[in-house]
Amino acid sequence: MTRYLTTTLILFAVCFAAGIGTLIVTSLPNYRGFLIGWVLATLANLGLVVAVGYALFSKRFDKGARTHAQLLVAFIVGLIGTASWASWVLAAWEEYQAQQTLPIINIAGLPSLPCTVIVVVILATAACRARKR
């Protein structure tokens with residue numbers, strides 16, 4: 001399970017960095033860069049949630065009760081975070097359609113980064129705990 005969680009974290013970091021990097025250094029015309037960046041960040045978070053769900057509901061991994069509880073919390077918080085990232089995609093899509101910056105107040109997008117950080121910390125903790133066993 002340690003190798004699976006570590007690989008998941010590395011793939012997430014690469015995809016998430018690509019998404020956020022696209023947002024930071026975007027030079028694509030017509031607001032496509034923001035749309036592409038938010039979509040990549042959302043897909044990275046969705047992949048993280050799918051990997052956590054697979055580890056949680058799979059009979060393949062031998063998990064202790066504490067690790068199972070950690071994965072369940074990471075799955076629920078990850079779902080909330082993915083929905084939050086998706087709200088940023090919706091805001092970027094509206095700007096892309098309008099071809100201008102809109103005054104969008106995205107309150108649903110506020111928990112996106114804290115939820116992602118919580119899921120990554122929980123997965124790193126679960127991977128370290130599984131390595132000790």
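The values are calculated or read from the model by the stated rules, or taken from the named source; none is laboratory data. Please read these numbers as outputs of a predicted model, since none were measured by experiment. Positions of Cβ are generated from backbone atoms using ideal geometry, with glycine treated the same way; all protein chains shown enter the neighbour counts.
Here K59 meets each of (1) closer than 16 Å to Y4 by Cβ; (2) surrounded by fewer than 14 Cβ atoms within 10 Å (Cβ to Cβ); (3) touching a helix residue (DSSP H, G or I) at 6+ places or on another chain (Cβ under 8 Å) with one exception, condition (3). In the stretch 38-57, is there at least one residue being touching a residue at least 40 places away in the same chain (Cβ under 8 Å) and over 21 Å from T8 (Cβ atoms)? Yes, the stretch 38-57 contains at least one residue that is touching a residue at least 40 places away in the same chain (Cβ under 8 Å) and over 21 Å from T8 (Cβ atoms). Residue pairs whose Cβ atoms lie under 7 Å apart, separated by 6 or more positions or on different chains, with the first residue in the stretch 94-114 and closer than 30 Å to I76 by Cα and the second part of a helix (DSSP H, G or I) and at pLDDT below 85, are E95/Y31; E95/F34. A single entry from L102, L79, L110 fulfils the requirement of being at pLDDT 90 or above and exposed (fewer than 15 other Cβ atoms within 10 Å of the Cβ): L110. Suppose we keep only residues that are under 19 Å from the mean Cα position of the chain (by Cα) and aliphatic (A, V, I, L, M) within the stretch 57-76. Which one would you say is modelled with the lowest pLDDT? Looking at residues that are under 19 Å from the mean Cα position of the chain (by Cα) and aliphatic (A, V, I, L, M), I get L71.
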